[in-house]
Ligand SMILES: [Mg+2]
């Protein structure tokens with residue numbers, strides 16, 4: 001029975017600031033980066049790879065914190081850890097001198113928890129999504145945490161919901177394997193791209209099968225207005241589409257302000273506004289018919305998001321947030337306060353798969369679609385597993401829960417297991433039994 005013997009961390013940075021990839025209203029020159037951890041065992045064939053996402057300076061600080069958290073696992077027997085991942089997660093966060101469900105320690109815990117889940121999946125010879133989707137409702141509930149959220153969802157409610165979803169699991173898995181998981185694209189609308197580049201990338205995205213497009217807003221109203229209407233003019237124009245194009249099913253477009261070609265536009269302000277400013281600016285862009293405004297204000301301002309959502313309701317524009325919601329309690333309050341139309345979990349901001357499963361359960365109970373954030377190195381690869389778990393085992397829905405496809409193409413070459421798309425702009429389902437959750441495993445070249 002293997003046990004954990006050692007670990008290593010790596011500070012990996014890509015110079016995306018040189019090209020403007022990833023630029024938005026708050027982050028003009030970030031270097032997409034990752035703090036990674038590899039857990040070793042006394043079995044030469046069993047490792048666990050995990051990461052958290054960073055944007056340049058400070059990645060070394062996260063690596064230091066990972067060492068503190070990962071150190072708690074040395075000498076632990078892996079089967080005991082895997083038998084109750086909820087308990088394991090509690091243990092990781094329970095060092096009395098480090099206990100802090102926020103900030104650097106939480107990011108570090110994400111990397112370590114993700115590494116454990118990767119190891120668990122590889123140990124069972126299944127990709128992570130399959131490992132979790134195949135769990136019984138009892139095993140699923142034991143694999144997450146309910147601490148501080150039982151007023152929103154109890155274990156019993158979660159069990160009842162998961163038992164109900166047992167019906168149809170096999171069919172859902174077969175369907176998503178066949179048609180892929182729906183994705184949306186942000187790469188066409190980075191803030192620092194000029195109009196010509198945006199127009200070219202939007203046309204290319206249409207050619208690649210995409211129907212959901214996200215643009216960055218918030219630096220300058222005139223620029224936002226012009227760019228939004230530019231994108232609309234392309235995605236609503238039949239001439240932009242290849243012959244034989246057929247729009248997505250009407251049901252999947254409900255409430256999304258889709259245009260005549262079935263295309264959807266989303267906007268992301270990356271926290272740049274105060275509440276009143278967010279309402280005013282977004283209302284000014286209403287003619288471009290966005291489905292939602294994402295991160296309109298500070299990510300911790302739950303009541304602010306609720307106020308913005310209420311104010312934008314008459315305009316038919318929703319509110320999305322979550323990529324900076326730092327724990328499950330923030331999501332609980334966003335849901336309870338009716339502050340969001342779309343829940344955007346982040347695989348590395350929440351403390352790993354264990355905490356994410358609790359947010360998937362809460363979102364399903366509140367009937368809010370989960371569209372994971374994936375802007376960063378390795379996040380698409382992670383988020384695909386989480387969306388598949390959500391679809392197959394938790395919410396039972398995928399067409400409304402589109403998954404972000406936000407990454408700089410050139411970063412893919414560094415991944416041993418990169419995600420791939422089919423000709424309809426949908427994610428292929430990863431199926432390597434040794435793939436675990438390690439689609440984020442970076443090649444040796446990039447290890448610093
Ligand atoms: Mg965003």
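Every number in this text was worked out from the coordinates using simple rules, so none of it is lab data. If you're wondering where the values come from, they're calculated on a predicted model, not measured in any experiment. Cβ atoms come from the backbone with ideal geometry, glycine included; neighbour counts cover every protein chain shown.
Taking other C-beta atoms within 10 angstrom as a stand-in for reagent exposure, 120, 292, 331 fall in the order 120, 292, 331, fewest first. Here, P(r) means the percent of Cα pairs in each 10 Å bin from 0 to the largest distance; for the chain it is 4, 22, 33, 27, 11, 2, 0. Label point of residue 195 set 7 angstrom out along Cα-Cβ; within the stretch 227-264, amide nitrogens under 12 Å from it belong to 227-231. Counting every other Cβ atom within 10 Å of each residue's Cβ, 157, 164 order from fewest to most as 164, 157. A straight chain from residue 226 to residue 19 at 0.36 nm per residue would run longer than the Cα-Cα distance by 72.3 nm.
What is the antiparallel percent of DSSP beta bridges lying wholly in the stretch 170-444, to the nearest 5? Intermediate results must be reported in sequence, preceding the final value.
Working: 4 of 22 bridges.
Restricted to the stretch 170-444, the bridges split so that about 20 percent are antiparallel.
Taking the C-alpha atoms only, the angle from helix 59-70 to the longest principal axis of the chain is near 40 degrees.
Here the stretch 313-387 was treated as a single set of alpha-carbon atoms; its pair distances binned every 10 Å from 0 give 20, 56, 20, 3 percent. Over the residues of the chain, the helix contribution to mean residue ellipticity at 222 nm works out to -11500 deg cm²/dmol, using -39500 (n - 2.57) for each DSSP H run of at least 4.
Once you have a ≥ b ≥ c as the square roots of the Cα gyration tensor eigenvalues for the stretch 311-355, tell me rounded if a/c is under 1.5, and otherwise prolate or oblate according to whether a/b is larger than b/c. Don't jump to the answer; show the numbers that get you there.
Working: a/c = 3.68, a/b = 2.20, b/c = 1.67.
Judged from the Cα gyration tensor, the stretch 311-355 comes out prolate (a/c at least 1.5, a/b above b/c).
A crude spin-label estimate for the pair residue 155 and residue 80, with each label 7 Å from Cα along the Cβ direction, gives 2.0 nm. Taking one quarter of the surface of the C-alpha convex hull of the stretch 62-140 gives a mean projected area of 5.5 nm².
Rounded, prolate or oblate: which fits the stretch 3-126 when a ≥ b ≥ c are the square roots of the eigenvalues of the alpha-carbon gyration tensor, with rounded for a/c under 1.5 and prolate only if a/b beats b/c? It comes out prolate by the Cα gyration axes.
What percent do you get for the relative contact order of the chain when only Cα pairs under 8 Å and 6+ apart count? With pairs under 8 Å counted, the relative contact order is 21 percent. Using only the Cα atoms of the stretch 124-177, construct the convex hull and provide its projected area averaged over every direction, in square nanometres to one decimal. Projected over every direction and averaged, the Cα hull of the stretch 124-177 covers 4.4 nm².
Taking the longest Cα principal axis of the chain as reference, the axis of helix 221-235 is set at about 90 degrees.
Cβ-Cβ distance of residue 3 and residue 239, R₀ of 45 Å, FRET efficiency by 1/(1 + (r/R0)^6): the value works out to about 0.15. When all alpha carbon pairs of the stretch 206-270 are counted in 10 Å bins from zero, the resulting P(r) reads 20, 50, 27, 4 %.
Ranked by how many other Cβ atoms sit within 10 Å of their own Cβ, fewest first, the residues 106, 373, 324 fall in the order 324, 106, 373. Kindly express, to the nearest 10 degrees and within the range 0 to 90, the angle between helix 195-207's C-alpha long axis and the longest C-alpha principal axis of the chain. Around 70 degrees separate the two axes.
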